[in-house]
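One structure is given below, encoded as structure tokens.
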């Protein structure tokens with residue numbers, strides 16, 4: 001078996017949600033060994049996290065700049081690092097490791113501005129490094145099947161792209177009640193100007209683009225702050241023009257009472273349609289015009305052999321969120337070990353940040369159409 005990637009983390013300390021998700025994802029298939037980290041800006045929590053994760057004490061660092069410098073100088077230094085901090089730290093951390101010659105895996109969004117993402121693209125290219133972005137839903141086996149169906153032309157001419165991602169966890173002003181995840185996600189100094197838009201709206205847009213292969217040319221967006229006193233948007237509604245006759249609509253909300261993690265994609269062509277829901281991730285609905293609806297299942301009858309490497313268990317045994325994350329890490333590992341991988345990268349991140357900035361510009365300009373910067 002090929003040796004594991006020597007791997008580090010920035011962020012993701014004890015009791016952090018997304019850091020533990022990344023660690024679990026790497027453990028599903030193996031291939032990554034956590035040997036260094038800067039897990040928290042709080043020294044006590046940082047050291048305790050390193051001890052819990054089995055990281056040697058001398059490789060638990062007080063800041064990411066020191067970590068990048070020291071690990072780059074070690075013969076057994078890390079080969080890749082995952083950045084799972086609040087958004088405002090992504091750019092500086094990614095730059096430090098890329099410039100040190102270390103491959104970077106960054107949680108989305110890659111940065112808080114499009115210009116920063118372009119800078120990171122240039123730095124990664126100059127240093128010959130991989131810069132991956134963990135849009136985990138693109139790793140779902142049924143999403144890969146949906147992309148294949150679209151690419152094969154089974155939908156005919158694509159007419160409509162409908163995507164929504166709705167939650168209810170920010171229905172109340174819990175950021176004022178000490179809820180840590182809510183505090184940084186609703187703070188424009190840490191999350192950037194885009195609240196719900198940058199947190200889950202960008203997931204929805206990325207998913208639509210990944211499956212269709214299309215990027216919007218212009219958007220008309222309305223960003224709302226329903227909760228009094230909130231500094232960033234908690235609801236987004238946007239119309240998308242893909243420039244080729246295809247139109248779309250995106251709704252993202254974190255104040256949709258009764259919704260848990262409801263990400264849904266629907267694509268409608270002139271010959272057929274398909275739909276997928278994250279809360280039922282093992283099924284894809286496909287309907288040809290004039291025919292009965294088909295339910296396609298992960299690893300079930302007719303599932304393409306080319307996608308079976310994304311499945312771990314037989315049909316009827318559910319896989320979902322963590323497995324999709326693991327698939328992304330598996331594809332990244334293939335590339336880092338000299339092969340090729342199918343995963344979101346800095347190019348995807350740039351397109352998604354162009355979408356975010358166009359939505360912000362549209363909202364600032366009385367919801368007028370705003371073109372995406374290319």
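No lab work stands behind these numbers, since they all come straight from the coordinates. Just so we're clear, the structure is a prediction, and the values are computed from it rather than from any experiment. Ideal geometry is used to build each Cβ from the backbone, glycine not excepted, and the neighbour counts take in all protein chains shown.
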request  = Give the stretch 304-317 a look and list any residue that's in a loop (DSSP other than H, G, I, E, B) and over 11 Å from residue 144 (Cα atoms), or say none.
outcome  = 311, 312, 313, 314, 315, 316, 317
request  = Taking the residues in the stretch 142-174 that are out of contact with any strand residue (DSSP E or B) (no Cβ under 8 Å at 6 or more places or on another chain) and not in a loop (DSSP other than H, G, I, E, B) as candidates, determine which candidate is farthest from residue 5 (Cα to Cα).
outcome  = 174
message = When you scan the stretch 306-313, do you find a residue that is within 30 Å of residue 83 (Cβ to Cβ) and over 25 Å from the mean Cα position of the chain (by Cα), even just one?
response = no
task = Scan the stretch 118-174 residue by residue and report those that are over 18 Å from the mean Cα position of the chain (by Cα), closer than 18 Å to residue 252 by Cβ and surrounded by 22 or more Cβ atoms within 10 Å (Cβ to Cβ).
result = 161, 170
ask   = Just wondering, is there one or more residues in the stretch 69-76 that are surrounded by 15 or more Cβ atoms within 10 Å (Cβ to Cβ) and either in contact with a helix residue (DSSP H, G or I) (Cβ under 6 Å, 6 or more places away or on another chain) or part of a strand (DSSP E or B) (or both)?
value = no
key: Of all residues in the stretch 248-300 being crowded, with 19+ Cβ neighbours inside 10 Å and assigned to a loop (DSSP other than H, G, I, E, B), the one that is farthest from the chain's Cα centre (by Cα)   = 299
ask   = Would it be correct to say that residue 233 is under 26 Å from residue 361 (Cβ atoms) and surrounded by fewer than 18 Cβ atoms within 10 Å (Cβ to Cβ)?
value = no
remark   = When every residue in the stretch 322-331 that is touching a strand residue (DSSP E or B) at 6+ places or on another chain (Cβ under 8 Å) and within 16 Å of residue 30 (Cβ to Cβ) is compared, the one surrounded by the fewest Cβ atoms within 10 Å (Cβ to Cβ) is 328
ask   = Is it true that some residue in the stretch 332-344 is surrounded by fewer than 14 Cβ atoms within 10 Å (Cβ to Cβ), touching a residue at least 60 places away in the same chain (Cβ under 8 Å) and assigned to a loop (DSSP other than H, G, I, E, B)?
value = no
